Amino acid sequence: MLPPIGAQSALFLDFDGTLAELAPQPDAVQVAADLVPTLTQLAARLNGALAIVSGRPLTDLDGFLAPLRLPSVAEHGAQRRLISGEIIRMASPDLQAVICRVNTLAQRHPGLRVEIKTAAVALHYRHAPEMEAVCRQAMDEVVRSTVGLELLHGKYVHEIKPAGASKGTAIEDFMAQAPFAGRLPLFAGDDITDEDGFSAVQRMGGCGIKVGEGATRARYRCLSPVALRQWLQRAAQDLTGRTSP
């Protein structure tokens with residue numbers, strides 16, 4: 001049983017593996033036909049207190065969720081778009097050394113994929129899982145030699161991002177501002193990168209929801225993105241019924 005989404009909830013949702021099923025490549029993700037209408041309805045019923053919290057760049061999120069342009073945490077907190085539409089970006093150290101190192105590694109091992117974002121660089125090894133240790137060592141070496149960066153580990157990916165950027169910190173920042181302030185936060189995510197977000201919302205009296213298997217700090221678990229979307233659909237219908245004349 002998942003927690004209820006009420007009129008005073010603040011809803012934070014990861015994208016990959018949470019709202020949408022994971023795909024072999026990030027650009028191959030398919031968005032369920034009912035997802036955007038459900039999020040649109042929920043955002044309206046929560047007076048805008050619904051945000052996407054993802055490692056993806058904002059442009060990716062907007063492309064998948066068009067025509068929606070929701071408040072968003074992108075690149076693990078390095079970018080935030082507020083309810084007003086204002087975009088806040090963390091200062092990012094020079095990533096050229098990182099890009100050079102990971103591109104060299106990927107050229108030697110075709111199963112690897114490099115994703116260059118505005119403030120981060122991700123090295124995906126989903127198609128070469130035997131390369132996990134090699135990828136981690138290469139990324140560790142770059143981080144140790146560059147001030148202001150830190151390494152983040154996710155599902156078949158190692159990512160270098162600005163130090164201090166995290167989903168948890170970004171959610172806390174949102175919760176200090178309207179329309180999120182004073183509400184009870186709920187955050188759903190599927191990856192290790194979402195764990196600090198679970199901790200943040202639970203410190204504020206809310207609930208974390210882990211989608212899929214694996215150890216977690218979240219108090220609730222949801223089996224799959226399909227089940228999570230069904231939970232969101234039911235909440236949208238319930239909230240609409242409560243607010244109907």
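The values are calculated or read from the model by the stated rules, or taken from the named source; none is laboratory data. Values in this document were obtained by computation on a predicted structure and should not be read as measured data. Backbone-built Cβ (ideal geometry, glycine too); neighbour counts: all protein chains shown. Just the protein is used for accessible areas: all its heavy atoms, side chains included, with ligands, DNA and RNA removed. Shrake-Rupley method; radii C 1.70, N 1.55, O 1.52, S 1.80 Å.
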Cross-chain or 6+ apart pairs with Cβ under 7 Å, segment 142-155 first and touching a residue at least 60 places away in the same chain (Cβ under 8 Å) and within 18 Å of I192 (Cα to Cα), then basic (K, R) and surrounded by 15 or more Cβ atoms within 10 Å (Cβ to Cβ): L152/K161
Qualifying residue in segment 180-202 (condition: in contact with a Pro (Cβ under 9 Å, 6 or more places away or on another chain) and more than 27 Å from A44 (Cα to Cα)): no
Which listed residue is surrounded by 19 or more Cβ atoms within 10 Å (Cβ to Cβ) and free of Cβ contacts under 8 Å to residues at least 24 places away in the same chain, from E213, E195: E195
Filter pass, D62 being over 20 Å from E213 (Cα atoms), free of Cβ contacts under 8 Å to residues at least 12 places away in the same chain and surrounded by fewer than 21 Cβ atoms within 10 Å (Cβ to Cβ): yes
Within segment 151-176, tally of residues that are part of a loop (DSSP other than H, G, I, E, B) and aliphatic (A, V, I, L, M): 3
Count - residues of segment 7-26 that are surrounded by fewer than 17 Cβ atoms within 10 Å (Cβ to Cβ) and touching a helix residue (DSSP H, G or I) at 6+ places or on another chain (Cβ under 8 Å): 2
In segment 199-235, the residues that are among the polar types (S, T, N, Q), in contact with a strand residue (DSSP E or B) (Cβ under 7 Å, 6 or more places away or on another chain) and part of a helix (DSSP H, G or I): Q202
Those residues of segment 222-245 which are open to solvent by 50 Å² or more (accessible area, probe 1.4 Å) and under 18 Å from D16 (Cβ atoms), in sequence order: L223, V226
Output for segment 36-56, where each listed residue is surrounded by fewer than 20 Cβ atoms within 10 Å (Cβ to Cβ) and either closer than 27 Å to G164 by Cβ or in contact with a Pro (Cβ under 7 Å, 6 or more places away or on another chain) (or both): N47, G48
Contacts under 7 angstrom Cβ, first residue in segment 156-177 being open to solvent by 50 Å² or more (accessible area, probe 1.4 Å), partner among the aliphatic types (A, V, I, L, M) and assigned to a helix (DSSP H, G or I), 6 or more apart: E172/A200
Where G208 falls short, out of the listed (1) free of Cβ contacts under 8 Å to residues at least 12 places away in the same chain; (2) buried (at least 18 other Cβ atoms within 10 Å of the Cβ): (1)
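So which strands (runs of 3 or more DSSP E) stay within segment 72-112 end to end and still have 2 or more residues that are touching a residue at least 24 places away in the same chain (Cβ under 8 Å) and under 16 Å from the mean Cα position of the chain (by Cα)?
79-81
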Residue under evaluation H127, criteria (1) surrounded by fewer than 22 Cβ atoms within 10 Å (Cβ to Cβ); (2) touching a residue at least 12 places away in the same chain (Cβ under 8 Å); (3) part of a helix (DSSP H, G or I), criterion not met: (3)
